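As structure tokens, the structure follows; a few thoughts come after it.
The values are calculated or read from the model by the stated rules, or taken from the named source; none is laboratory data. Please read these numbers as outputs of a predicted model, since none were measured by experiment. Here the Cβ positions follow ideal geometry from the backbone for every residue, glycine too, while neighbour counts run over all protein chains shown.
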Amino acid sequence: MPFCASCGSQVEGRFCAKCGAPVGEGPGPATPPPQAPPGAAVYPPPVPPASAAAMTDNAASALCYALGLITGVLFLLIAPYNQNRTVRFHAFQSIFLTVAVIIIAIAVGIVESILGGVIGWWFAAIVGFVFNLACLALWIAMIVTTYQGRSIPLPIIGPIAQQQA
């Protein structure tokens, strides 16, 4: 009984049942796969499993803003990204922006409660709505521009984030 030149197992027939190599040939180049008959369904080859490929800088930087403080801290802790200066800048800026928005939201809430008693609840509601809308617009703008590869340092917190990065 012949033995397979590739894997060494016993072979019955023209091909090895274990590795599929033709009998009598060494581990040379593989033969092309047989063609499918006409009219048969042809499926694409299986996709190999994804390796631990890192994200691009712009995608990681944009994700720093996705959940604010949480993703900012997360990207400062994850190994390949915490050495990248661009990702670190956006992570710190996201953290500082979230903290600033929380502080300003508290101040706006205090102003709303004061204005609600003096001027009227509708004016206080408009002030709160405009603030929330501005925060949403800033959040979306930061994600989109960062994903496009542009870096926008914000007026007060941007230089602080650049020093930290």
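Okay, here's what the table says:
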quantity	calculated
Enumeration of residues in region 74-87 that are touching a helix residue (DSSP H, G or I) at 6+ places or on another chain (Cβ under 9 Å) and at pLDDT below 90	Phe75, Leu76, Ile78, Pro80, Tyr81, Asn82, Asn84, Thr86, Val87
Neighbours by Cβ (under 6 Å, 6+ apart or cross-chain): first from region 147-165, in contact (Cβ under 8 Å) with a residue 60 or more places away in the chain and closer than 22 Å to Thr56 by Cβ; second in a helix (DSSP H, G or I) and among the small types (Gly, Ala, Ser)	Tyr147/Ala62
Tally of residues being of a type in the set (A, V, I, L, M, F, W, C) and surrounded by fewer than 17 Cβ atoms within 10 Å (Cβ to Cβ) across region 6-16	2
Helices (runs of 4 or more DSSP H) fully within region 73-165 counting 3 or more residues that are among the hydrophobic types (A, V, I, L, M, F, W, C) and exposed (fewer than 13 other Cβ atoms within 10 Å of the Cβ)	85-118, 121-147
In region 56-67, the residues that are touching a residue at least 40 places away in the same chain (Cβ under 8 Å) and outside any helix (DSSP H, G or I)	Tyr65, Ala66
Among (1) on the phi > 0 side of the Ramachandran plot; (2) in contact with a Gly (Cβ under 7 Å, 6 or more places away or on another chain), the one test that Gly149 misses	(2)
